[in-house]
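A short worksheet on the structure shown next.
The values are calculated or read from the model by the stated rules, or taken from the named source; none is laboratory data. Since we're looking at a predicted model, the values are computed, not measured. Using ideal geometry, Cβ is built from the backbone for each residue, glycine included, and neighbour counts are taken over all protein chains shown. Ligands, DNA and RNA are stripped out before the accessible areas are found, and what is left, the full protein with its side chains, is counted by its heavy atoms. Shrake-Rupley method; radii C 1.70, N 1.55, O 1.52, S 1.80 Å.
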Amino acid sequence: MKKLHYYLELLIVLIGKELKIRYKNTVFGYLWSVASPLAFALTFYVVFSHTMRLDMENYLVFLLAGMFPWQYFNNSVNQSPWVFLGNASLIKKVTFPRVMLALAMMGNNAIHFLLALPVLLVFLWMGNIVFHWQNILWLFILFFNQSLIVFGAVLFLGTTNLFFRDMENLTQVLMNLLFYLTPVLYPIKVIPQEYRLLLSLNPM
């Protein structure tokens, strides 16, 4: 029990360190985490709704519902190649489970994801979409499942980058491709039936 309490305190300290580094010398702090996916969603909304004429009701809400969890996934995976290399001095000085570094980095991004959810609720309200509060349970189940996927990717990429330093650049390229292969900008129903099996192989 004491060891579990120690690990929990260590995780809180490491997440606090991540947050301080992230918002050092910034004025708007947390707002930047919401502004980024919101700006992307608005841009894609204009492009797909008005230029390419994608006919979909409440498309902006659909985009935000996809952009917020995608940002959590994208930020965690893109940062993962340096999760161990970037903390090399700490690893050499202190003995602790290295997996805590991965959890701290994920915790930092998870906090921003959860704090962004009220923004989605505002857009649901603006679109007159009824949100059933019992669905919060399903939301956290999905969040937990996604976190397991992210955790595995972070450990794999963070460890691989110790021996293969090109992994950071390769990860960024693959994440850019994966974004367009994931139904964030478009609903699954627009994908031809013969390609949906391939889409189901995408963990996101």
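To the nearest 10 degrees, how steep is helix 31-46 against the longest Cα principal axis of the chain, on a 0 to 90 scale?
30
Each label point is 7 Å from the Cα along the Cα-to-Cβ direction; what then is the distance between the points at residue 119 and residue 149, in nm?
That separation, rounded to one decimal, is 2.1 nm.
At a 1.4 Å probe, what is the % contribution of carbon and sulfur to the accessible area of the chain?
Working: 9110 of 12960 Å².
Carbon and sulfur: 70 percent of the exposed surface of the chain.
Rounding to the nearest 10 and keeping the result within 0 to 90°, find how far the Cα-based axis of helix 99-126 lies from the longest principal axis of the chain.
Helix 99-126 sits at roughly 30 degrees to that axis.
Quick check on the chain: helices-only [θ] at 222 nm, where DSSP H runs of length 4 and up contribute -39,500 (n - 2.57) each and the sum goes over total residues. Nearest 500, please.
-22500 deg cm²/dmol
Keeping all protein chains in the complex and leaving out DNA, RNA and ligands, what accessible area do you get for residue 82 with a 1.4 Å probe, in Å² to the nearest 10?
About 110 Å², rounded to the nearest 10.
In whole Å, largest first, what are the principal axis extents of the Cα atoms in the chain?
Answer, in whole Å and largest first: 57, 36, 35 Å.
Using only Cα atoms, find the angle between the long axis of helix 59-79 and the longest principal axis of the chain, and express it within 0 to 90 degrees, rounded to the nearest 10.
Taking Cα atoms only, the helix is inclined about 20 degrees.
Ignoring ligands, DNA and RNA, how do 147, 89 rank by accessible area with a 1.4 Å probe, largest first? Display every interim value, and only then the final one.
Numbers: 147 20, 89 75 Å².
Final ranking, largest accessible area leading: 89, 147.
Cross-link candidates for residue 20: which lysines have Cα within less than 24 Å, leaving aside residues fewer than 8 places away along the same chain?
Answer for residue 20, where 24 Å is the Cα cut-off: 92, 93, listed by chain and number.
Whenever you get a sec, line up 198, 178 from highest to lowest accessible area (probe 1.4 Å, protein heavy atoms).
Values: 198 115, 178 40 Å².
Ranked list, largest accessible area first: 198, 178.
Arranged from highest to lowest average of other beta-carbon atoms within 10 Å per residue, in what order do the peptides 2-9, 99-106, 181-188, 162-169 appear? Could the numbers behind the result be given before it?
Details: 2-9: 9.5, 99-106: 20.9, 181-188: 15.6, 162-169: 12.2.
Output ranking for 2-9, 99-106, 181-188, 162-169: 99-106, 181-188, 162-169, 2-9.
Quote to one decimal, in nm, the extra length available between residue 131 and residue 46 on full extension: 0.36 nm per residue of separation minus the C-alpha distance between them.
Extra length available between residue 131 and residue 46 comes to 28.1 nm.
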